[in-house]
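Structure record follows, encoded as structure tokens.
Where a number appears in this text, it was derived from the coordinates with a stated rule and is not lab data. No experiment lies behind these values; they were computed from the predicted model shown. Cβ sites come from the backbone with ideal geometry, for glycine too, and all protein chains shown count toward neighbours.
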Amino acid sequence: MMRDAIHHRGIFNVIHLGTAFRDGVFVAKPCPFDRAQLTRRRRVLLSQEPLHQAYALSAEDIVLTKLERYYLSSDAGVNRTAQSRQSRGRVSWSPGGE
């Protein structure tokens, strides 16, 4: 699963079995926006003893990445259609003016 996500530049989760801490890993795509996100990354401390550090994106970049990946996913069209039907006359917004 992880190799497939890396190959297709997708998403996979890592889980620390001792604490059940889970985090999502978004594999960067070869595009200007993803390269810019990586320039804004910051180093975060995971633990002192033993010393473990990792790089993390800003909260804003994470939100934008999740929105983009959701919009591009195959489920997005189905979800937008369902939301539109539920709106019953209310104005509904969707990216790209669909």
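The figures follow:
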quantity	calculated
Debye equation applied to the C-alpha atoms of the range 36-75, log10 I(q)/I(0) at 0.13, 0.17, 0.30 Å⁻¹	-0.40, -0.58, -0.94
Net lengthening on full extension, residue 71/residue 20 (0.36 nm per residue, minus Cα-Cα)	15.5 nm
Estimated inter-spin distance, residue 13 and residue 55, nm [label 7 Å along Cα→Cβ]	2.5 nm
Alpha carbon Rg of the range 6-54, scaled by the compact-globule rule 2.2 N^0.38 Å	1.39
Formal net charge of residues neighbouring residue 12 (Cβ-Cβ distance under 15 Å; K, R +1; D, E -1)	+4
